[in-house]
Structures are given as C-alpha cells and as structure tokens.
Amino acid sequence: MDWDDLEVVLAVHRGGNLVRAAETLNVAHTTVGRRLARLEERLGVRLFDRTPSGLVATPSGADVAMTAERVEEEVQGMESRVLGRDAHLSGPLRVATVDVILACFGDALGAFVERYPDVDLTLSLSRETVSLARREADVAIRASNDPPETLVGRRLGAMQFGVYAARSLAARVGEDAPLSAYPWIGWGGGPNLAWFQGWLAENAPGARGVLTLDDRGVMMAHAVRAGIGAQLLPCVRGDADPELVRIAPLDPLFQVGLWVLILPELRTNRRVRAFMAHMGDALSRQRARLEGRSQSAC
C-alpha cells in the first residue's frame, strides 16, 4: 500500500462520501470510487460501509485511516522542516481568513512570521468571500465542510464548536439547569441559520434570546464571556478560557473542516508551499484541542 492509497482512504473517511473526497483530492468522484474499489479488492476487506448517511469506515477502514493520518503528519512535518531550512524565502504573501480563526491560531501565524522574517505577510480579515481567482489573496484559511471545487489545498483538521456560557451565568442559572433556562445570544445576518434554529428548538425549547450580534467571532466570544448569554464557540478557545464552561455535550453537527486553500497554479509557489506546510505542521500538534478532546463536556 502506497501513499496514494492511504490518501484516498483518508479523504473518504474525512469527507464521508466520494464527492467530498474527490474535491479534497482534486479528481473526479468516479476516480475516487474506482481507486477505493481496487484497494478493497486488493486487500480483500471492505473498508467502508455504504449507509444512507454516507460512507462509514469499518474497523479495518478506521485502522487504515488512523495510519494514514500518522503518515500525513510525518509528511507535513518533513515538508515543513525542509522548507524551513530555506533562510532566503522572501516576498509578499496575502492570507485571507476570519477573526475567529486568527484568535484561535494566532500563535501559529506568529511563528510563521518569526520563522520567515523576510516574507511580507498581509492578513485580510473578513466574513465576505475573498476571490483568489482575482488575486485578492494568495491563500485562504476557511472553516468549511464544502470548500469550492475550483480551489485545492490541505485540510488542517476538524474544528469543533461547543455550547458555552460564562461560569458566573451558569452559577446563576443552576448547575443542572436545562439549556432552555439560559439566555441566548443570536446571530444576525450571514447565511441561512435554519439548521441552528432547528437545533435550538429541539434542545432548548422556548429559549429566550437577549442579544443579536452580526459578529460570530471575537465579539461573540466577548459577549459570552461577559455573561450575557450562551452560544457556540470554538472548543480550542472555549476550553482554554477559565471563565467559560461548556454546558452541553459535543455535537457532530457543530464540527467543521479547517482548510488552507489556494489556486491550483500556486502549488509550486515557494512562499505558499512554506505557509501551507507550516500551518499543517503547527495545527496537527493542536489536533486534540481543535476537535474538542482536551476537556470532557460539563
């Protein structure tokens, strides 16, 4: 079994279906299906069960996927070390992201600046879609389960969100209080949020809204920390804040892929390659925190 085989298994395991795996690998979904079928035939085992909700790894498939993740981390680390030896890397690099990602992973970005002092890094922070095709940025770091088909890149991990409240608010509401007893901060504007409203109606029926914020990043975290109400926050940030407490079990619905994305023609750009390798290596070391495994639900 070579890396191409492991890459297919890992992409299918993470994507849950052939279409998403194909987007990750930048090939047709029929190609992914053929490669997976050939691999299963060669190994003589079924790696994925076909279910109504998608492709679910069998025990054998999960074993192969875990091995693939370890190999991926080794490859990313090797590439990062090799590129890191290039002391003469210089020139402009424009990265587009959102404030919540910057707040969570500013240390990794800071380490890149320290490592490559001659790279002129510019960060664009906006919820609006930045066009890489129009060269508004060279690299985009986005949280998405469905990245654009026109872009290629690397999945840095799965970013888990949890339901948090200030410890002071949780103490006032009561230790065993249901979610419906909490005041809630709502989201204003942006894409369709019916999925969250449906979750809230099921898990916190009759919940009282006390504030609506257009911002879903840093200002939302400040509002939750101030004890105004409960809302979703990234676990990598919420679990690290002693003033916050997770008030509900983690839900797979609130897990989203974290991607670093580029145009296909920038794959050979040395600054872009160095940035992708550095971020992949840095965030692989934070995987447990990213996926909310650093602290059990309260």
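Key figures for this structure:
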| item | result |
| --- | --- |
| Search result, residues across the range 31-45 that are of a type in the set (K, R) and farther than 18 Å from G15 by Cβ | R38, R42 |
| Elements of type strands (runs of 3 or more DSSP E) in the range 171-272, at least 3 residues being under 19 Å from A143 (Cβ atoms) | 231-234, 255-262 |
| Members of the range 41-52 that are outside any loop (DSSP other than H, G, I, E, B) and surrounded by fewer than 21 Cβ atoms within 10 Å (Cβ to Cβ) | E41, R42, L43, D49, R50, T51 |
| Residue list for the range 214-227, filter: surrounded by fewer than 19 Cβ atoms within 10 Å (Cβ to Cβ) and within 21 Å of R167 (Cβ to Cβ) | V218, M219, H222, A223, A226, G227 |
| Residue in the range 159-174 that is surrounded by 15 or more Cβ atoms within 10 Å (Cβ to Cβ) and over 23 Å from V236 (Cα atoms) present | yes |
| Among residues of the range 53-69, those that are surrounded by fewer than 11 Cβ atoms within 10 Å (Cβ to Cβ) and part of a helix (DSSP H, G or I), counted | 1 |
| Output for the range 100-120, where each listed residue is in a strand (DSSP E or B) and loosely packed, with under 15 Cβ neighbours inside 10 Å | D120 |
| Unique match (being at pLDDT 85 or above, surrounded by 19 or more Cβ atoms within 10 Å (Cβ to Cβ), under 21 Å from the mean Cα position of the chain (by Cα) and in the same structural domain as L109 (by TED's automatic domain parsing)) among G238, G292 | G238 |
| Matching residues in the range 169-201 - criterion: being of a type in the set (A, V, I, L, M) and modelled with pLDDT under 85 | L193, A194 |
| Residue count, the range 124-141 (criterion: part of a strand (DSSP E or B) and surrounded by fewer than 21 Cβ atoms within 10 Å (Cβ to Cβ)) | 2 |
| Output for the range 138-149, where each listed residue is modelled with pLDDT of 75 or more and closer than 20 Å to V256 by Cβ | V139, A140, I141, R142, A143, S144, N145, D146, P147, P148 |
| Failed item in (1) within 13 Å of the chain's Cα centre (by Cα); (2) without any contact (Cβ under 8 Å) to a residue 60 or more places away in the chain; (3) part of a loop (DSSP other than H, G, I, E, B), with D146 passing the rest | (2) |
| Some residue of the range 12-21 being modelled with pLDDT under 90, of a type in the set (G, A, S) and in a loop (DSSP other than H, G, I, E, B) | yes |
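Here is a yes/no grid of residues against (1) more than 14 Å from A65 (Cβ to Cβ); (2) without any contact (Cβ under 8 Å) to a residue 40 or more places away in the chain; (3) surrounded by 14 or more Cβ atoms within 10 Å (Cβ to Cβ):
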residue: W3; (1), (2), (3): no, no, no
residue: V8; (1), (2), (3): no, yes, yes
residue: V12; (1), (2), (3): no, no, yes
residue: N17; (1), (2), (3): yes, yes, yes
residue: A21; (1), (2), (3): no, yes, yes
residue: T24; (1), (2), (3): no, no, yes
residue: T31; (1), (2), (3): yes, yes, yes
residue: R35; (1), (2), (3): yes, yes, yes
residue: L39; (1), (2), (3): no, yes, yes
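Conditions tested, residue by residue: (1) basic (K, R); (2) within 27 Å of L233 (Cα to Cα).
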position	(1), (2)
L102	no, yes
A111	no, yes
R115	yes, no
L123	no, yes
R142	yes, yes
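The values are calculated or read from the model by the stated rules, or taken from the named source; none is laboratory data. These figures come from a predicted structure and were not determined experimentally. Neighbour counts are summed over all protein chains in view; Cβ atoms, including those assigned to glycine, are modelled from backbone coordinates with ideal geometry.
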